[in-house]
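Where a number appears in this text, it was derived from the coordinates with a stated rule and is not lab data. Treat the numbers as computed from the prediction; the structure is a model and nothing was measured. So basically every Cβ, Gly included, is an ideal-geometry build from the backbone, and we count neighbours across all protein chains shown.
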Amino acid sequence: MIVQTEETFACKECGNAMNKLPGSIQSIYICPKCGFSAEEDMLFPKKKENTTNQNDNCYLIKRLFTDQFMLKYTQFANFSEFLGCCKFVKKENIDSICDVIDHIPKRKWNAFIRKNTCFQTWDQMFEKAVELYLKM
């Protein structure tokens, strides 16, 4: 759980105080100890009626893997199409991708990433998406 104390946030990973990234258009906070980062609205997302935790958890994935990113770095037009091609993901689970990715064996997921992207691993693909997102 992330705790806010007077314009600072405690990192949900290590509990250290997070620092606001200077010069960013959006309020982005980074933990200097472990490197965890999040937008302010991700730390305390605005809740809508009928919004589930699952939807909140997938918010970042949807923001990171834009259609532009997918067209540039994969063979697919968007993230849903990418997942639809993965034999480990059932079509009805595409909307709950955060949970699905966690349950795919890492070796099989990375093999799918290698075959269908210019990255060797999911971690590399995710890191590149974060890097590009932070430059926006």
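Side notes on the structure shown:
- Cross-link pairs beyond the 28 Å C-alpha cut-off, checked among Lys62/Lys87; Lys33/Lys72; Lys33/Lys128; Lys33/Lys115; Lys20/Lys128: Lys33/Lys72; Lys33/Lys115
- Counted charge near Cys31, where neighbours are those whose Cβ lies closer than 13 Å (Asp, Glu -1; Lys, Arg +1): +2
- Gain in span if fully extended, Lys33 to Lys108, counting 0.36 nm per residue against the direct Cα distance: 23.9 nm
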